[in-house]
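Asker: The following block contains the structure, expressed as structure tokens.
The values are calculated or read from the model by the stated rules, or taken from the named source; none is laboratory data. Not measured: the values here are computed from a predicted model. Ideal geometry is used to build each Cβ from the backbone, glycine not excepted, and the neighbour counts take in all protein chains shown. The area values use the complete protein model at the heavy-atom level, side chains included, leaving out ligands, DNA and RNA. Shrake-Rupley method; radii C 1.70, N 1.55, O 1.52, S 1.80 Å.
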Amino acid sequence: MPEFAPLKNDLILRAARGEKVERPPVWVMRQAGRYLPQYHVVKAGNDFFACCRNPELASAITIQPIDHYDGYLDAAIIFSDILVIPQAMGMKVDILDKIGPHFPDPLREPSELETKLTKEVDVLKELDWAFKSITETRLKLNGRVPLLGFCGGPWTLMVYMIEGGGTKLFRYAKTWLYAHPEASHELLLRITDVAVEFLAQQVVAGAQMLQVFESWAGELGPNEFKEFSLPYLRIISSRFRKRLLELGITEHIPLTIFAKGAWYALDWLADSGYDVVSLDWLFDPKEAIKITNGRVVLQGNLDPGTIYGSKEVITKKTEEMITDFGGGKQGYIVNLGHGTQPFFDPENLGWFLKEVHRVGSA
């Protein structure tokens, strides 16, 4: 591993370990991106994935919000995308303007597991650019805040690989679950294997905390979640720890799970090997605290739409949230309930961050 500068702000790492802290740390999902004018300047005419694969551009975009909200964000998260795992597995993925992810040749039949996917994925080779981006960003941060890495959850990636992009019906993915369950499990396990190695190698490259985004969790009923998502999330957490030891890393790297919409799964997730469970805005913080009962640190969960409100509304909702999570001095990381949106007013998001500091420090 390269020599990195010592951390000047380790608040989020201490909070993720369950330690008492002076105030709750704060970062926001998708904090590096389209809502900041300077993002569009750096991105210029570059394709989205071209930016991800260019360590210079990716690191610049990652650090933009750290500079813009100087002193108010407690972590940077690498500028990348959850769909890099399908790419590493041999699938072509494009990001279409105003449409989103697009797979020109998605998986539609179980037989295509053998024809469209790479059997043995060389993660270090296929995602070399991702690790270089992390290392360069960590060096440029110079210890200002920790750097977070991430990957997509297996069920979520399976949806994209089969549907070919975003969907409201989940027609093809659900066909696989109910008509081809064995093939579904095979695909999920293959994605999981790549995810474990990808996460571990991000740590080698310099990531100090990681999050797994199971963004489509809420499209599964409780029984289906227990069959097609939870087992693989548990495999990731357990194998990730073992893989780090194999790589000579004994430091405990905090691991977060974000299973959006899976309100019924909170109790299971609290026992799934993760340090932090991130909540979307549909959760009642007080109930979440009761259910988890100190087993994990909680993260979240302001409705991103709040940022479209007035400063008075943002203040009110921020105060309510931090109060409902117990004040934030232990067992809590402030975040939005999902990611930032392109239409955010950067000043309003900045107001939210300032109010977190004010309320959380009281």
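Asker: Test Leu282 against the criterion of being part of a loop (DSSP other than H, G, I, E, B), touching a Phe, Trp or Tyr at 6+ places or on another chain (Cβ under 8 Å) and surrounded by fewer than 18 Cβ atoms within 10 Å (Cβ to Cβ), and give yes or no. Steps first, answer last, please.
Answerer: Working: part of a loop (DSSP other than H, G, I, E, B): yes; touching a Phe, Trp or Tyr at 6+ places or on another chain (Cβ under 8 Å): yes; surrounded by fewer than 18 Cβ atoms within 10 Å (Cβ to Cβ): yes.
So Leu282 passes the test.
Asker: More than 14 Å from the chain's Cα centre (by Cα), surrounded by 22 or more Cβ atoms within 10 Å (Cβ to Cβ) and modelled with pLDDT of 95 or more: is that true of Ala200 in this structure? Can you show your working first?
Answerer: Working: more than 14 Å from the chain's Cα centre (by Cα): yes; surrounded by 22 or more Cβ atoms within 10 Å (Cβ to Cβ): yes; modelled with pLDDT of 95 or more: yes.
So Ala200 fits the description; yes.
Asker: Can you spot a residue in the range 257-273 that is touching a residue at least 12 places away in the same chain (Cβ under 8 Å), at positive phi and touching a Gly at 6+ places or on another chain (Cβ under 7 Å)?
Answerer: Start the filter on the range 257-273 by keeping residues that are touching a residue at least 12 places away in the same chain (Cβ under 8 Å), which leaves 257-273.
Then keep just the ones that are at positive phi; that gives 261, 273.
Next, only the ones that are touching a Gly at 6+ places or on another chain (Cβ under 7 Å) stay: 261.
Checked against the condition, which is being touching a residue at least 12 places away in the same chain (Cβ under 8 Å), at positive phi and touching a Gly at 6+ places or on another chain (Cβ under 7 Å), the range 257-273 yields at least one hit.
Asker: On the given criteria, is Leu57 open to solvent by 20 Å² or more (accessible area, probe 1.4 Å), part of a helix (DSSP H, G or I) and modelled with pLDDT of 95 or more?
Answerer: Criteria met by Leu57.
Asker: For the range 289-334, how many residues are open to solvent by 20 Å² or more (accessible area, probe 1.4 Å), in a loop (DSSP other than H, G, I, E, B) and more than 18 Å from Glu347 (Cα to Cα)?
Answerer: Looking only at that region, the number is 8.
Asker: Pick from the range 159-174 the residues that are touching a residue at least 60 places away in the same chain (Cβ under 8 Å) and in a loop (DSSP other than H, G, I, E, B): which of them is least open to solvent (accessible area, probe 1.4 Å)?
Answerer: Result: Gly164.
Asker: Just one of the numbered conditions (1) touching a His at 6+ places or on another chain (Cβ under 7 Å); (2) more than 16 Å from Gly149 (Cα to Cα); (3) surrounded by 19 or more Cβ atoms within 10 Å (Cβ to Cβ) is not true of Met29; which one?
Answerer: All conditions are met except number (2).
Asker: Scan the range 96-104 and give yes if some residue there is open to solvent by less than 30 Å² (accessible area, probe 1.4 Å) and out of contact with any strand residue (DSSP E or B) (no Cβ under 8 Å at 6 or more places or on another chain), otherwise no. Reasoning before the result, please.
Answerer: The first filter runs over the range 96-104 and keeps only residues open to solvent by less than 30 Å² (accessible area, probe 1.4 Å), leaving 100, 103.
Among the residues that remain, those that are also out of contact with any strand residue (DSSP E or B) (no Cβ under 8 Å at 6 or more places or on another chain) are: none.
Checking the range 96-104: not a single residue is open to solvent by less than 30 Å² (accessible area, probe 1.4 Å) and out of contact with any strand residue (DSSP E or B) (no Cβ under 8 Å at 6 or more places or on another chain).
Asker: Quick one: which residue in Pro24, Pro86, Pro65 is in a loop (DSSP other than H, G, I, E, B), crowded, with 18+ Cβ neighbours inside 10 Å and modelled with pLDDT of 95 or more?
Answerer: Values: Pro86 fails: in a loop (DSSP other than H, G, I, E, B); Pro65 fails: in a loop (DSSP other than H, G, I, E, B).
Pro24 is the lone residue from the list that is in a loop (DSSP other than H, G, I, E, B), crowded, with 18+ Cβ neighbours inside 10 Å and modelled with pLDDT of 95 or more.
Asker: Between Ser229, Ser215, which is surrounded by 24 or more Cβ atoms within 10 Å (Cβ to Cβ), modelled with pLDDT of 95 or more and of a type in the set (Ser, Thr, Tyr)?
Answerer: Working: Ser215 fails: surrounded by 24 or more Cβ atoms within 10 Å (Cβ to Cβ).
Only one candidate passes the filter, namely Ser229.
Asker: Suppose the filter is under 30 Å from Glu219 (Cα atoms), of a type in the set (Phe, Trp, Tyr) and assigned to a helix (DSSP H, G or I); does Trp129 pass it?
Answerer: Details: under 30 Å from Glu219 (Cα atoms): no; of a type in the set (Phe, Trp, Tyr): yes; assigned to a helix (DSSP H, G or I): yes.
Against the criterion (under 30 Å from Glu219 (Cα atoms), of a type in the set (Phe, Trp, Tyr) and assigned to a helix (DSSP H, G or I)), Trp129 does not qualify.
Asker: Of everything in the range 100-155, what is under 29 Å from Glu182 (Cα atoms) and of a type in the set (Phe, Trp, Tyr)? Give them in sequence order.
Answerer: Phe103, Phe150, Trp155
Asker: Can you name every residue in the range 261-275 that is part of a loop (DSSP other than H, G, I, E, B) and either touching a Leu at 6+ places or on another chain (Cβ under 6 Å) or surrounded by 21 or more Cβ atoms within 10 Å (Cβ to Cβ) (or both)?
Answerer: Step one: list which residues in the range 261-275 are part of a loop (DSSP other than H, G, I, E, B), which gives 261-262, 270-275.
The answer is Ala262, Ser272, Tyr274, Asp275.
Asker: Which residues, taken from the range 335-362, are of a type in the set (Phe, Trp, Tyr) and in a loop (DSSP other than H, G, I, E, B)?
Answerer: Residues satisfying the conditions are Phe343, Phe344.
Asker: Which of the residues that make up the range 32-45 are without any contact (Cβ under 8 Å) to a residue 60 or more places away in the chain, open to solvent by less than 60 Å² (accessible area, probe 1.4 Å) and more than 15 Å from Asn335 (Cβ to Cβ)?
Answerer: Within the range 32-45, the first condition is being without any contact (Cβ under 8 Å) to a residue 60 or more places away in the chain, and the residues that meet it are 32, 38-45.
From the residues that got through so far, the ones that are open to solvent by less than 60 Å² (accessible area, probe 1.4 Å) too are 32, 38-39, 42-43.
Listed by number, the residues that qualify are Gln38, Tyr39, Val42, Lys43.
Asker: Under 7 Å by Cβ, and 6 or more places apart or on different chains, what pairs join a residue from the range 117-136 that is under 19 Å from Thr192 (Cβ atoms) with one that is of a type in the set (Val, Ile, Thr)?
Answerer: Going by the 7 Å Cβ cut-off, the qualifying pairs are Val121/Val194; Val123/Val194; Leu127/Val84; Ala130/Val84.
Asker: Picking from Leu210, Leu187, Leu244, Leu177, which residue would you name as being under 30 Å from Ala75 (Cα atoms), at pLDDT 95 or above, in a helix (DSSP H, G or I) and open to solvent by less than 10 Å² (accessible area, probe 1.4 Å)? Write out each step before concluding.
Answerer: Values: Leu210 fails: in a helix (DSSP H, G or I); Leu187 fails: under 30 Å from Ala75 (Cα atoms); Leu177 fails: under 30 Å from Ala75 (Cα atoms).
Of Leu210, Leu187, Leu244, Leu177, the one residue that is under 30 Å from Ala75 (Cα atoms), at pLDDT 95 or above, in a helix (DSSP H, G or I) and open to solvent by less than 10 Å² (accessible area, probe 1.4 Å) is Leu244.
Asker: Of all residues in the range 27-48 being part of a loop (DSSP other than H, G, I, E, B) and of a type in the set (A, V, I, L, M), which is farthest from Phe79 (Cα to Cα)? Can you show your working first?
Answerer: Keep residues of the range 27-48 that are part of a loop (DSSP other than H, G, I, E, B), which gives 27-36, 44-47.
From what is left, the residues that are of a type in the set (A, V, I, L, M) are 28-29, 32, 36, 44.
Working: Val28: 13, Met29: 11, Ala32: 6, Leu36: 13, Ala44: 15 Å.
So the residue we want is Ala44.
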